[in-house]
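Reviewing the structure listed below.
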Amino acid sequence: MCAKYDTVIGLEIHAELSTKTKAFCTCDASFGGDPNTHICPVCTGQPGALPVINHAAVEYAIRAGLALNCDINRYTRFDRKNYFYPDLPKAYQISQLDLPLCINGHLELSTGTVVRIHQIHLEEDAGKLVHDDYHGESWADYNRCSVPLIEIVTEPDIKSSEEAAEFVSKIALYLKYLNVCDAKMQEGSIRADVNVSLKPAGSTVLGDRAEIKNLNSFRSIQRAIECEIARQTEILDGGGKVIQETRRFDDATGTTSSLRSKENANDYRYFPEPDILAITFSEEDIEKAKREIPLLPQQRVAKYINEFGLTAEDARVLTSEKYLSDFYDEAVAVYPEYKSVSNMFQTELMRRVKETDSEELPFPAKDFARVCEMADKNTINRNDAKVILRIMFEEGGNPEEIAEKNGFIVVEDTAAIAEVVDALFKERPDLIEDYKNGKTNVFGFFMGQANRALKGKATPMTVKAYIEKKFSEV
């Protein structure tokens with residue numbers, strides 16, 4: 001934002017894993033539920049309760065690490081991170097410090113910037129405080145306590161708010177494709193802390209940073225960083241010194257405010273978790289995890305271009321969300337006309353998808369494939385195909401039954417074609433003369449009038465053939 005300074009940004013992304021149960025107990029890990037109904041003595045830290053590691057959470061974390069080009073530590077352990085806060089009933093969090101699961105990864109952005117990933121570690125989430133400003137009260141909901149999450153910690157390689165938002169967006173998309181996190185920012189299943197600092201342009205010495213906590217939308221991430229860059233620029237331009245601290249972002253005002261000052265590190269008094277054994281992985285374990293990684297977005301893009309013959313833009317749109325790509329794959333498995341299905345998908349489905357917040361389409365992919373096939377084979381015309389899809393979106397139903405009920409099935413009524421076209425030729429002898437004299441554009445007039453009069457009783461292809469035959473005879 002200012003030529004005098006270089007922006008330096010690092011991210012800490014917290015992503016809740018989509019396991020059925022919590023990280024160290026068998027409580028339901030799903031979002032929601034009445035407050036304090038998904039809890040037990042283990043996740044609330046009652047005396048004598050012992051944690052047991054959720055193996056699926058470990059597998060999901062490794063899958064994320066491999067997809068993000070990380071090395072997997074063959075020996076890893078858990079640590080206790082001690083601090084007191086009302087949403088943490090145990091007064092400590094089971095996390096990882098010295099021996100995290102995944103280290104030394106990277107992810108490339110569209111700008112060409114390669115963002116190094118320092119580590120990905122597995123830990124448990126804290127609860128949630130619900131504030132009642134009117135009565136001046138706060139309530140603790142511990143349902144989220146011990147839900148497994150991974151923390152993805154980057155190196156300070158990001159240079160702008162746009163790059164930061166893109167990085168978080170790509171991480172969210174990867175986690176969806178890996179089936180390890182639903183990445184619903186509105187539910188808090190993925191959120192980010194951003195570390196922002198400025199340094200003199202070209203300098204290798206980093207400035208003091210501010211950490212902005214708990215950003216839960218791509219827009220908030222970008223706005224918070226831009227606000228912080230402006231704030232720090234003003235301080236430095238005025239001859240002041242940026243204080244290393246933790247800040248919060250107010251979405252309503254678009255400003256950050258100080259939460260607490262922060263020295264080089266908080267004293268969390270880490271020590272090895274005594275109730276959970278260390279984990280050792282074999283090469284066979286890692287190879288098995290690699291085999292279980294599904295196709296990631298860039299791999300599906302390559303498949304759509306190289307195998308399906310789609311354009312790069314088609315492939316980009318189709319892979320923009322996992323559920324859209326899955327739906328397309330299911331449709332072409334039924335009707336493998338890749339370009340035709342892609343065209344109908346983008347012109348008719350995408351518009352309606354954007355009007356809803358749901359990540360589910362209201363009908364199965366096989367029904368969509370059937371509509372595409374009927375339109376391609378002229379069983380119905382393309383305008384009626386659009387109407388069928390609208391009805392399927394709004395009311396549901398089988399595409400063949402909808403077509404039958406509404407009279408959309410095309411019947412090649414050759415007698416009707418002859419009657420309509422012959423009448424047009426009798427009505428417009430002037431245009432026939434024009435055609436003889438080389439004005440072939442009048443052909444379109446006859447096509448348009450005939451199709452309008454026939455109202456779907458014949459395909460345009462058959463109508464065109466009959467008109468060509470008539471002109472050949474005059």
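The values are calculated or read from the model by the stated rules, or taken from the named source; none is laboratory data. If you're wondering where the values come from, they're calculated on a predicted model, not measured in any experiment. Glycine gets a Cβ as well: all are built from the backbone with ideal geometry, and neighbour counts include every protein chain shown. Accessible surface is based on the protein model in full, side chains and every heavy atom, while ligands, DNA and RNA are left aside. Shrake-Rupley method; radii C 1.70, N 1.55, O 1.52, S 1.80 Å.
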(request) Please give the net charge around Ser189, taking every other residue with its beta carbon less than 9 angstrom from that of Ser189, where Lys and Arg add +1 and Asp and Glu add -1. (result) -1
(request) List, largest first, the extents of the alpha carbons of region 159-267 along their principal axes, each in whole Å. (result) 48, 32, 30
(request) Using label points projected 7 Å from each Cα along Cα→Cβ, tell me how many nm separate Lys455 and Thr255, to one decimal. (result) 6.6
(request) Report, in deg cm²/dmol and to the nearest 500, the calculated mean residue ellipticity at 222 nm for the chain, where each DSSP H run with n ≥ 4 adds -39500 (n - 2.57) and the sum is divided by the residue count. (result) -11500 deg cm²/dmol
(message) Let me spell out the model: positive unit charges on the Cβ of Lys and Arg, negative unit charges on the Cβ of Asp and Glu, origin at the Cα centre of region 15-130. What dipole size does that give, in debye rounded to 20?
(response) 200
(message) I need the calculated FRET efficiency for the pair Asp422 and Asp329, taking r as the beta carbon distance and R₀ as 51 Å, to the nearest 0.05.
(response) 0.60
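What is the sum of charges around Leu50, taking Lys and Arg as +1, Asp and Glu as -1, for the other residues whose C-beta is under 13 Å from the C-beta of Leu50?
Residues near Leu50 contribute -1 overall.
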(message) Give me the 1.4 Å probe accessible area per residue for region 111-202, excluding ligands and nucleic acids, in Å².
(response) 37
(request) Output the relative contact order of the chain, whole-number percent, from Cα pairs under 8 angstrom with separation of 6+ residues. (result) 14
(message) Can you order the peptides 47-54, 299-306, 193-200 by their average number of other Cβ atoms within 10 Å per residue, highest first?
(response) 193-200, 299-306, 47-54
(message) Out of the total accessible area of region 204-294 (probe 1.4 Å, heavy atoms of protein only), what percent is carbon and sulfur?
(response) 49
(request) Mind pulling the angle between the C-alpha long axis of helix 161-177 and the longest principal axis of the chain? Nearest 10 degrees, somewhere in 0 to 90. (result) 80
(message) To the nearest 20 Debye, how big is the dipole of the chain about its Cα centre, given +1 on the beta carbon of each Lys and Arg and -1 on that of each Asp and Glu?
(response) 740
(message) Between helix 382-394 and the chain, what is the angle of the helix's C-alpha long axis to the longest principal axis, kept within 0 to 90° and rounded to the nearest 10?
(response) 40
(request) Among Leu88, Ser30, Leu215, flag the residue with its Cα farthest along the positive direction of the charge dipole of the chain, charges on Cβ as +1 for Lys/Arg and -1 for Asp/Glu. (result) Leu215
(request) Whole number in Å², please: accessible area per residue of region 364-426, 1.4 Å probe, ligands, DNA and RNA not counted. (result) 51
(request) Among Cys145, Leu236, Thr280, pick out the residue whose Cα is farthest towards the positive end of the charge dipole of the chain, where Lys and Arg carry +1 and Asp and Glu carry -1 on C-beta, about the Cα centre. (result) Leu236
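Within the set of other residues whose C-beta is less than 15 Å from the C-beta of Glu468, count the net charge using Lys and Arg as +1 and Asp and Glu as -1.
+2
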(request) Any chance you could tell me what percent of the C-alpha pair distances in the chain go past 35 Å? (result) 50
(request) Treat each spin label as a single point 7 Å out from the Cα along the C-beta direction, and report the Thr440 to Ser282 distance in nm. (result) 7.3
(request) Starting at the first residue of region 285-300, write each ³J(HN,Hα) from the Karplus equation 6.51 cos²θ - 1.76 cosθ + 1.60 with θ = phi - 60°, in whole Hz, x for Gly and Pro. (result) 4, 5, 5, 4, 4, 4, 5, 8, 6, x, 5, 8, x, 5, 6, 5
(message) Within region 390-474, what whole-number % of the accessible surface is contributed by carbon and sulfur, with the 1.4 Å probe and all protein chains included in the calculation?
(response) 51
(message) Tell me the carbon and sulfur percent of the accessible area for region 49-132, rounded to whole percent, probe radius 1.4 Å.
(response) 52
(request) With a probe of 1.4 Å, find how much accessible area region 3-109 has per residue, and write the answer as a whole number in Å². (result) 44
(message) I want to check the label-to-label distance for Arg352 and Asp430. Put each point 7 Å from Cα in the C-beta direction and report it in nm to one decimal.
(response) 4.5
(message) Could you report the accessible area of His121 in Å², rounded to 10, computed with a 1.4 Å probe on the protein chains as they sit in the structure?
(response) 10
(request) Report relative contact order for region 372-474 in percent, whole number only (criteria: Cα-Cα under 8 Å, sequence separation at least 6). (result) 29
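Pairs Lys303/Lys377; Lys4/Lys213; Lys377/Lys455; Lys436/Lys469; Lys176/Lys303; Lys288/Lys339: which exceed 23 Å Cα-Cα?
Violating the 23 Å Cα-Cα cut-off are Lys303/Lys377; Lys4/Lys213; Lys288/Lys339.
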(request) Assuming a ≥ b ≥ c are the square roots of the Cα gyration tensor eigenvalues, decide whether region 128-204 counts as rounded (a/c under 1.5), prolate (otherwise, with a/b larger than b/c) or oblate. (result) oblate
